[in-house]
Amino acid sequence: MNIKTMITMAILLVGSVQLSRACDICGCGVGSYYLGILPDFNKRFVGLRYQHKLLTTHLGPMGNRTPISADEAYESLEWWGAWNFGTRWRAMAILPYNFNTRHVRGSGQTGYKNGVGDLALMGFYKVFEQVGGTGDNKLLIHSLWAGIGVKAPTGKYDEGERASVSQDAPNNFQLGTASTDFMVNLAYDIRLMDLGLNTNVSYKVNTENRHEYRYGNKLTANALLYYKFNIKNRVRIAPNAGVMYETQTKDVIYGRYDVAQSGGNSLTGVAGVEVNAGRVSFGGNYQAPLSQDLADGRAKAGDRWLAHVSFSF
């Protein structure tokens, strides 16, 4: 496989996100599992991640604030880990503890929900990994992983919260979805010497919960360009930047009615850094919306950020 073919594969993986149609409204609320660049590890790792996301809901028809507009913050502290079995198989788990806050400026009311979220379990298979060189003797490495996963309904779902809103309001302020959902994932990485491109494409299929509510299916894709700096063969620092695209169909209630203030799509700019020092890895990124069309313009996502630390063993 020559370098032209490998670069074409990377472009196709990134471009494949455009084939899906337009929530947890695109990255906020329940059921969002961002992967990005994994920590460096050989056998296994465990760690903690912290995510912070902002969302404004109940906007007016023109996207303007109204007396019932709400500022929502979704924070999560996640335990996550991965284990390699041989050279081709990998298992991963993510268990979040969520902190949700919602403030309605018109009434001055503030609501809180804290608790365990939904557990995600994923398995990956390395389709290939190739190490070679270019015509000018530069090292070229690329690999492709394919995965499937399941999200278990371990987080609390407040039926009273859902019942208090209509088809015209989002059902976002939950700790869990009360549904068993399924995920597929492709992760491709190509690196020429110390310059690399990491891409992830995942699709999440949601099922109807026992309360006759089904969150919309969701496609997430990100592409991150990175460069690895090696400091005295002890510390590796990899600044990275790229974009993330998310699109989600509308939620459905009672098996037939679309929830108007749900679904949509967004394009987000991402900038961060990953650091590896022996068995310890840490890093983070900042995510700022570049464009968005969420819930027919009745919701607006704000900036997000993520930080993590992990230990390999």
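The numbers here are math on the coordinates, done by the rules we state, and not lab data. Given the structure is predicted, the values throughout are model-derived calculations rather than measurements. Glycine also receives a Cβ, built like all others from the backbone with ideal geometry; neighbour counts cover every protein chain displayed.
Annotations for the structure displayed:
- Put simply, the range 194-313 fits an ellipsoid with semi-axes of 36, 16, 11 Å; these come from the alpha carbon gyration tensor as the roots of five times its eigenvalues, largest first.
- Zone residues, the range 178-210, relative to residue 138, backbone N less than 18 Å from point 7 Å out along Cα-to-Cβ: 189-198
- For the chain, size of Cβ-based charge dipole, Lys and Arg +1, Asp and Glu -1, in debye: 820 debye
- Among 261, 131, 36 - extreme Cα towards positive end, dipole of the chain, charges at beta-carbon: 131
- Its Cα gyration tensor gives the chain an equivalent ellipsoid, and the semi-axes of that ellipsoid, as √(5λ) in whole Å with the largest first, are 36, 20, 19.
- Farthest toward positive dipole pole in the chain [+1 Lys/Arg, -1 Asp/Glu at C-beta], among 220, 312, 67: 312
- Ellipticity estimate at 222 nm from DSSP helix runs (n ≥ 4, -39,500 (n - 2.57)) divided over the chain, nearest 500: -1500 deg cm²/dmol
- Sorted by Cβ neighbour density within 10 Å, fewest at the top, the residues 201, 131, 116: 131, 116, 201
- Using every pair of separate Cα atoms, the Kirkwood estimate puts the hydrodynamic radius of the range 113-215 at 16.6 angstrom.
- In order along the range 143-160, the phi-based Karplus estimate (6.51 cos²θ - 1.76 cosθ + 1.60, θ = phi - 60°) of 3J(HN,Hα) comes to 8, 9, 10, 10, x, 10, x, 9, 10, 8, x, 8, x, 6, 10, 8, 5, x Hz; Gly and Pro are listed as x.
- Dipole size of the range 194-295 about its Cα centre, with +1 on Lys/Arg Cβ and -1 on Asp/Glu Cβ: approximately 520 debye, rounded to the nearest 20.
- Taking 21 Å as the limit for the C-alpha separation, the pairs 43/138; 53/300; 43/204; 53/126; 156/300 exceed it in the case of 43/138; 43/204; 53/126; 156/300.
- Listed values for the range 45-61 are Karplus-derived 3J(HN,Hα) couplings in whole Hz (6.51 cos²θ - 1.76 cosθ + 1.60, θ = phi - 60°), namely 8, 10, x, 10, 10, 10, 10, 9, 9, 10, 8, 10, 10, 6, 6, x, x, and x replaces Gly and Pro.
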